[in-house]
Amino acid sequence: MENFASMFEQHLAGLEMREGEVINAKVVAVDNKYVTVTAGLKSESMIPVSEFKDDSGELEVKVGDEVQVAIDAIEDGYGETRLSREKAKRLAAWSELELAMEKEEVLTGPIYGRVKGGLGVMYKNVRLFLPGSLLDVRAVRDFAPFDGKEVEFKVIKVDRRRNNIVISRKAVLVERSGEDNKAIIERMQEGNVVKGIVKNITDYGAFVDLGGIDGLLYITDLSWKRVKHPSELLTVGQEIEAKILRFDQEKHRVSLGLKQMSNDPWMGVAERHPVGTRLYGKVSNVTDYGAFIEIENGIEGLVHVSEMDWTNKNVNPSKVVKLGDEVQVQILEIDPEKRRISLGLKQCHPNPWIDFNEKHAKGDKIKGQVRSITDFGLFIGLDGGIDGLVHVSDISWNLSGEAAIRDYKKGQEVEAVIISVDVEKERIALGIKQLDNDPFGVYTLGNEKGAIVKGTVKSVTASEAILELAPEIEATLTAREASSEKVDDLTSVVKVGDELEVLITNIDKKHRTISVSVKAVEKASEAEAIKKVKNAEKTSGTTSLGALLQDKFGSE
């Protein structure tokens with residue numbers, strides 16, 4: 001026994017027992033937690049079973065297999081040597097990476113996340129550093145599209161002491177671009193259809209990897225219909241086919257088109273949908289100024305807010321239609337060159353203005369509630385949800401302005417007469433004063449210019465007096481017309497309440513005013529008196545002294 005122990009000690013002394021050293025071991029047992037191996041040391045070692053599983057979680061060894069393990073600790077405090085399969089794998093991978101760097105080989109590995117200054121790439125449980133500047137041949141600002149992606153790379157630096165390995169994806173792309181440049185140029189002809197992978201999405205479009213060169217797919221070339229954001233149709237990593245629209249060989253810039261893969265739906269749209277046609281469409285977008293309706297795949301028309309409701313020109317579009325609603329619309333106008341279609345929603349419903357005009361005639365009496373009151377009149381609610389206007393000048397025969405509107409309130413029911421209906425301009429003129437005869441017209445019809453009437457003084461100033469000739473009929477008497485004598489202050493001649501006999505000197509029907517004169521009455525009375533005297537003289541046959549003198553001297 002002493003000889004055997006001595007020989008075993010000499011055997012161990014012959015082995016290079018250093019921490020981190022990779023040695024061969026044999027699997028002697030496997031259970032749920034550990035894999036037991038023997039490496040010809042003092043004792044067997046138990047290694048966690050997780051270190052012997054592959055990327056898919058399957059156990060990769062069985063009893064009897066020879067594996068490489070690394071010495072984790074020569075003496076763990078219990079007289080045992082601790083071994084590690086994981087560390088052995090990592091050391092093997094380091095050696096493999098060093099060899100790949102020497103031979104400039106291309107390796108692949110997944111990106112596991114972002115690190116300071118770049119991205120982290122995993123290669124056989126070894127973490128590699130991919131600087132942002134070495135990710136692509138062009139500067140990359142957004143790393144998001146690369147998360148979780150498998151990338152090809154070259155190893156450019158291995159530093160075991162600092163546990164640092166630097167790789168470059170750019171080196172692979174540069175090498176391939178030189179090799180494939182001729183083939184790329186042959187493929188990148190305008191009109192060709194190419195396949196590619198969406199690598200990045202922006203607000204204005206998407207970048208597509210065409211295999212050695214990137215193509216830009218603008219948002220306007222994604223679809224014939226309106227697209228708010230490219231993410232509505234594309235996702236990063238998606239494989240697509242697109243048509244080459246333009247290729248700049250010097251700058252290696254490719255413009256792609258996705259919608260160009262299908263026929264332009266606007267071709268012949270005016271023939272398929274003439275103006276006046278009614279059809280159904282789906283609400284694709286709602287804005288403050290109207291709603292967009294998709295009437296065909298790739299063709300949208302606008303229903304302006306003014307074409308949504310017959311009675312409300314400024315209705316909120318979101319209160320009329322909702323996104324996704326199917327509605328009936330009418331074609332109002334088509335401009336294929338500008339790719340614009342004007343649609344109408346209200347035209348698919350009865351026009352209340354036409355209905356009103358068919359049911360009512362000029363002069364008809366109607367009733368309605370006061371919807372609103374403005375400085376220029378009253379808006380009266382009518383059948384069909386439309387309004388009629390009673391202009392301030394048609395409210396009262398005698399009152400005007402604020403005085404005419406003062407007694408009306410919102411919600412009050414009133415009766416009015418239809419003055420006119422203009423269907424085209426959507427206007428209905430109403431009148432309240434027309435319900436009664438015009439007192440001014442009735443009065444002036446029986447009392448024309450030159451008539452002598454009586455009036456009561458309502459107010460008086462130094463220059464004029466206002467007389468009431470009849471209920472709601474007033475006239476103006478100036479100081480000049482108050483007497484045959486000169487009157488400087490009219491208040492010294494008449495006072496409020498006096499009843500005067502006056503002669504109507506003027507009637508202004510346009511401005512509804514009457515001018516009267518006391519002086520004219522006096523003159524008329526004098527003239528009438530003289531006429532009566534002359535008539536009396538002729539009847540009696542007497543001759544006055546004045547008449548004799550007139551005959552004598554008048555002849556001379």
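Here the dipole of the chain is about 800 debye; that uses its Cα centre as origin and unit charges on the Cβ of Lys and Arg (positive) and Asp and Glu (negative). Note on ASN357 and TYR112: the model spin-label points, each 7 Å out from Cα along the C-beta direction, lie 7.9 nm apart.
The 3J(HN,Hα) values that the Karplus relation (6.51, -1.76, 1.60; θ = phi - 60°) gives for region 407-417 are, in residue order, 7, 9, 10, 5, x, 5, 8, 10, 10, 8, 10 Hz. Gly and Pro appear as x. By how many degrees, between 0 and 90 and to the nearest 10, does the Cα long axis of helix 2-14 differ from the longest principal axis of the chain? For 2-14 against the chain, the angle is about 50 degrees.
Hey, what did region 414-507 get for relative contact order, percent, Cα under 8 Å, at least 6 apart?
Over region 414-507, the number comes to 26 percent.
How big is the antiparallel share of DSSP beta bridges in the chain, given as a percent to the nearest 5? The antiparallel fraction comes to roughly 90 percent.
Each Lys or Arg adds one and each Asp or Glu subtracts one; over the other residues with Cβ under 12 Å from the Cβ of GLY132, this totals +4. Note on region 93-166: Cα convex hull, mean projected area over all directions, 4.8 nm².
For helix 85-103, report the angle its Cα long axis makes with the longest principal axis of the Cα atoms of the chain; keep it between 0 and 90° and round to the nearest 10°. The two axes meet at around 80 degrees.
When DSSP beta bridges are limited to those with both residues in region 181-295, what percentage is antiparallel, rounded to the nearest 5?
The answer is about 90 percent antiparallel.
With the dipole of the chain worked out from charges on the C-beta (+1 for Lys and Arg, -1 for Asp and Glu) around the Cα centre, which of SER492, VAL193, GLN330 lies farthest toward the positive end? Value: SER492. Rounding to the nearest 20 debye, state how big the charge dipole of region 493-533 is about its Cα centre with +1 on each Lys and Arg Cβ and -1 on each Asp and Glu Cβ. Roughly 240 debye for region 493-533.
Taking amide H atoms as placed 1.01 Å from N in the peptide plane, the amide H of GLY290 lies under 5 Å from those of VAL305, each 5 or more residues away in sequence or on another chain. Compared with the dominant Cα axis of the chain, that is its longest principal axis, helix 170-187 is turned about 60°.
Using only the C-alpha atoms, the convex hull of region 24-166 corresponds to 141 Å³ per residue. Approximating the spin labels as points 7 Å out from Cα along Cα→Cβ, the SER262-to-ARG480 distance works out to 8.7 nm. Distance from the Cα centroid of region 294-313 to that of region 396-453 is 41 Å (rounded to whole angstrom). Taking all protein chains as present, what is the carbon and sulfur share of the accessible area of region 334-489, in % to the nearest whole number, probe 1.4 Å? Accessible surface attributable to carbon and sulfur in region 334-489 totals 46 percent.
Using 18 Å as the Cα-Cα cut-off, could you pick out the over-long pairs in LYS53/LYS87; LYS359/LYS409; LYS89/LYS124; LYS449/LYS523? All intermediate terms of the calculation are to be shown ahead of the outcome.
Details: LYS53/LYS87 13 Å; LYS359/LYS409 28 Å; LYS89/LYS124 8 Å; LYS449/LYS523 16 Å.
Long pairs (Cα-Cα over 18 Å): LYS359/LYS409.
Annotation: amide H of ASP264 has no partner in the under-5 Å range at sequence separation 5 or more or interchain, hydrogens built in the peptide plane. Using a cutoff of 8 angstrom between alpha carbon atoms and counting only pairs six or more residues apart, the relative contact order for the chain works out to 5 percent. Evaluating 6.51 cos²θ - 1.76 cosθ + 1.60 at θ = phi - 60° for every residue in region 367-384, the Karplus couplings come out as 10, x, 8, 5, 7, 7, 10, 10, 5, 9, x, 10, 9, 10, x, 10, 4, x Hz, glycine and proline recorded as x. Each residue of region 293-308 was assigned a 3J(HN,Hα) from its phi angle through the Karplus expression (A = 6.51, B = -1.76, C = 1.60, θ = phi - 60°), giving 10, 8, 9, 9, 5, x, 10, 10, x, 10, 9, 5, 4, 6, 10, 9 Hz with x at Gly and Pro.
One Cα centroid belongs to region 326-363, the other to region 102-151; the line between them spans 61 Å. Between VAL275 and ARG406, the modelled label-to-label distance comes to 5.2 nm, taking each label 7 Å out from Cα in the direction of the beta carbon.
The values are calculated or read from the model by the stated rules, or taken from the named source; none is laboratory data. Remember, predicted model here, so these are calculated numbers, not experimental data. Every residue, glycine among them, receives a Cβ derived from its backbone with ideal geometry; neighbour counts consider all protein chains shown. The area values use the complete protein model at the heavy-atom level, side chains included, leaving out ligands, DNA and RNA. Shrake-Rupley method; radii C 1.70, N 1.55, O 1.52, S 1.80 Å.
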